[in-house]
Ligand code: T4K
């Protein structure tokens with residue numbers, strides 16, 4: 001227990017946690033069932049290439065999200081790349097800088113320039129006013145990101161896209177299980193891209209998908225993820241290999257069964273963080289809209305005017321206790337290569353992104369974290385910076 005500054009590891013006390021408390025510890029469903037399913041796959045000797053388990057996985061995801069097509073992929077990044085190509089994006093595409101680097105890399109990788117728009121500091125999602133300002137004659141599309149599982153301003157972005165004749169798609173890597181105006185994420189824009197990476201609320205170890213209601217787009221992506229093959233011998237598209245394997249789909253299907261319990265656990269963890277961190281000067285917890293569904297998978301705190309410690313000092317204090325909190329997505333994608341060299345002035349348009357990047361800490365949650373852990377984490381944050 002941390003009752004005074006002298007109890008902190010940064011002041012020489014033993015760390016509060018023997019084992020690290022991670023952001024992004026995988027939520028794993030019933031292990032015996034997972035092993036049984038894998039054994040069946042081995043028995044069947046059908047390991048990949050649109051096997052029966054992948055097909056069942058795709059149906060389950062599409063049903064859960066209320067969307068017509070789910071095209072499962074090997075990960076979220078390849079799913080982004082394929083969606084971008086299937087939509088025919090080119091030239092410049094507007095994205096937030098305040099996101100994981102994959103959102104921009106998926107464009108750059110295909111010779112498209114990601115143009116960074118600013119976020120609204122209060123929601124950390126794209127600011128449509130900034131997006132509109134970044135439109136040029138070369139712009140072909142917008143990729144909105146539902147950061148921390150909180151929906152981007154979908155209606156405003158769609159209106160903007162319609163007005164300027166742009167394609168709109170979403171990076172919904174964080175947003176499985178989220179809603180926007182009570183409708184499930186997955187149903188918006190031309191298509192939405194999901195990630196089922198180990199660190200996501202819902203995981204298939206590695207995995208991703210594009211979900212869409214557009215038949216033509218779905219068909220193009222089905223071909224593109226399998227080299228463009230139609231039948232045995234004919235290739236209709238310049239495709240890649242983006243296929244999900246049977247084992248990942250099996251893990252996903254089992255994890256899906258306990259997902260609502262995982263979400264419940266996350267929701268009470270989030271509430272515990274809000275309760276325990278209340279009253280610490282200069283710390284705010286990013287709220288989730290109680291009117292919408294959310295996985296509550298990200299506990300994001302903002303450090304602004306903590307009386308004793310800077311964001312980085314709090315982070316160091318946490319790390320010393322084995323609480324491996326993160327400052328996602330500092331310093332912003334525009335500060336990462338190759339964008340830092342290619343677009344050295346991008347930051348001029350991103351005042352809110354720069355401000356948010358200096359304040360954010362993402363704290364551990366998920367099924368590996370309990371209320372008692374959360375009390376200790378809050379005590380560390382409270383004591384950080386106090387002198388012994
Ligand atoms: N778009 C957005 C908005 C995204 O956030 C992401 C991925 C993507 C697109 C791309 O989707 P994928 O291609 O990944 O499907 C992690 C994840 O690798 C990445 O999936 C995720 N976003 C990003 C936010 O976080 P890193 O480099 O921070 O991962 P790493 O290895 O530091 O792991 C994070 C923590 O999780 C560590 O404390 C350890 C723990 N962990 C991790 C793994 C892999 C475990 O306990 N067990 C594990 O198996 O990127």
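All of the numbers you see were taken from the coordinates with simple rules; none came from a lab. Predicted, not measured: the structure shown is a model, and the values here were computed from it. Glycine gets a Cβ as well: all are built from the backbone with ideal geometry, and neighbour counts include every protein chain shown.
Below, the figures for the structure above:
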| item | result |
| --- | --- |
| Among beta bridges that DSSP assigns inside the chain, antiparallel share in %, nearest 5 | 60 |
| Anisotropy class of the range 232-388 from Cα gyration tensor, a/c 1.5 cut | oblate |
| Burial ordering of 296, 197, fewest other beta-carbon atoms within 10 Å first | 197, 296 |
| DSSP bridge orientation in the range 112-186 - percent antiparallel, rounded to nearest 5 | 40 |
| Separation of alpha-carbon centers, the range 86-121 and the range 23-68, rounded to whole Å | 30 |
| Angle between the chain longest axis and helix 371-383 axis [Cα atoms, degrees, rounded to 10] | 60 |
| Three-way shape call for the range 15-57 based on the alpha-carbon gyration tensor, with the a/c threshold at 1.5 | prolate |
| Relative contact order [Cα under 8 Å, 6+ residues apart], the chain, whole percent | 24 |
| Theoretical gain in end-to-end length, residue 56 to residue 132 [0.36 nm per residue, Cα-Cα removed] | 23.3 nm |
| Degrees between helix 154-164 axis and first principal axis of the chain (Cα, 0 to 90, nearest 10) | 50 |
| Point-to-point label distance, residue 122-residue 64, nm (Cα→Cβ direction, 7 Å offset) | 3.2 |
| Beta bridges by DSSP in the range 31-257, antiparallel share as percent, to the nearest 5 | 50 |
| The chain, helix-only ellipticity at 222 nm - DSSP H runs n ≥ 4, -39,500 (n - 2.57), divided by all residues, nearest 500 | -10500 deg cm²/dmol |
| Evaluated over the range 31-257, the Cα radius of gyration and Dmax, each in Å | 17.4, 57 |
| Anisotropy class of the range 34-141 from Cα gyration tensor, a/c 1.5 cut | prolate |
| On Cα atoms only, tilt of 259-277 relative to the major axis of the chain in degrees | 30 |
| Cα pair distances exceeding 41 angstrom across the chain, given as percent | 15 |
